[in-house]
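What follows is a single structure, written as C-alpha cells, with notes after it.
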Amino acid sequence: MPKDLSLSAKLLLLLIAAALAFTTTTLISSLQFPSQNIMSSFTDQQPALEAINRLYQLLDSPSKVSLKTERFSGVKITPANHLVLYWKGPFPRTTSARLALGDPELEELVSKSPVPIQVVESVYSEATLLAATESLSNEFERMGPELSATGFVLHTITPENDGSGVTVGCACERDPSKPPADPGFVNPRLPEGFHLPDVIVRFEKTDQPVLLGGP
C-alpha cells in the first residue's frame, strides 16, 4: 500500500478489500453444485444406459428394420435402474423359457442382459405412433380456424413411450355430447370433419408452453 496515503484512506482501502473478499466467499458458497446424491444416481444408471445402447445398436442394424418398425414401442429405466422394454405382442415363452420376441438375437440380448429387462406388451409400435403424430399435426394445421372457433388451442402432441397411444396437450372444453374420458383426460369439442388417426388419442388439459425466443 502506498506510504503517502493518509491513515483514513488506508483504512478505507482495507475495508473495501475485506468487503470484496466477503462478497466473493458468499457468492462461491451460494453456487449450486450437483449434490452427491445426483452424481451417484448418474453413476448408478450407467449400466442401464449401456444396456439401452446395446439394444438400440441391435434394433438399428439394417437386418432389424422391419422388426423395430413393427414391434418396438419404447424403453425406460425404472427407479431400481432396471429396464422396461415395451414390445408389441404377443410374445409367448419358448421351450427354453425365453420370450419369443420375433428375433433370436434380441431374445438372447434380453435373456442374458446384465441389467434386468422386463418386456411389457404394448398396443402400438413406435413407428405407428410417430406416423399418427404426424397425421394429427397435419390435421390440426388443416383445421386451425375451425378449431379456434371451438376454443381449442393445441399445445403438444406426444407419442407415448409405452406404446399406449398419443396424448394431445391442449386448452379445450369438454364436449357434453360425449361420454366422460378417463381420469385426467377430456373428450373435447372438435369441429365436424376433423379426422383422428386409427390409434388411441387422449386429450389432456395443459398450460400453454413457453416458446423459446418469444417475448
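The values are calculated or read from the model by the stated rules, or taken from the named source; none is laboratory data. Bear in mind that the values here come from a model prediction, so they are computed numbers and not experimental data. Glycine gets a Cβ as well: all are built from the backbone with ideal geometry, and neighbour counts include every protein chain shown. Remember, those area values only see protein heavy atoms, side chains included, never the ligands or the DNA or RNA. Shrake-Rupley method; radii C 1.70, N 1.55, O 1.52, S 1.80 Å.
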*touching a residue at least 12 places away in the same chain (Cβ under 8 Å), more than 27 Å from Leu85 (Cα to Cα) and open to solvent by 40 Å² or more (accessible area, probe 1.4 Å) - does that describe any residue in the stretch 178-186?*
no
*Within the stretch 122-139, can one find any residue that is part of a strand (DSSP E or B) and in contact with a Gly (Cβ under 6 Å, 6 or more places away or on another chain)?*
yes
*Report, ordered by the first and then the second residue, all pairs with beta carbons closer than 9 Å, sequence separation of six or more or different chains, a first member in the stretch 152-171 that is touching a residue at least 60 places away in the same chain (Cβ under 8 Å) and on the phi > 0 side of the Ramachandran plot, and a second member that is open to solvent by 10 Å² or more (accessible area, probe 1.4 Å) and not in a strand (DSSP E or B).*
Gly163/Val123; Gly163/Tyr124; Gly163/Glu126; Gly163/Thr128
*Please find, among Gln46, Gln32, the residue that is at pLDDT 65 or above and either more than 28 Å from Gly165 (Cα to Cα) or surrounded by 11 or more Cβ atoms within 10 Å (Cβ to Cβ) (or both).*
Gln46
*From the residues in the stretch 122-175 that are among the hydroxyl-bearing types (Ser, Thr, Tyr) and over 18 Å from the mean Cα position of the chain (by Cα), which one is most open to solvent (accessible area, probe 1.4 Å)?*
Ser148
*asked:* Considering only residues that are assigned to a strand (DSSP E or B) and open to solvent by less than 20 Å² (accessible area, probe 1.4 Å), which ones fall in the stretch 76-121?
replied: Leu83, Val84, Leu85, Trp87
*Restricting attention to the stretch 176-215, which residues are β-branched (Val, Ile, Thr) and either modelled with pLDDT of 90 or more or not in a loop (DSSP other than H, G, I, E, B) (or both)?*
Val186, Val199, Ile200, Val201
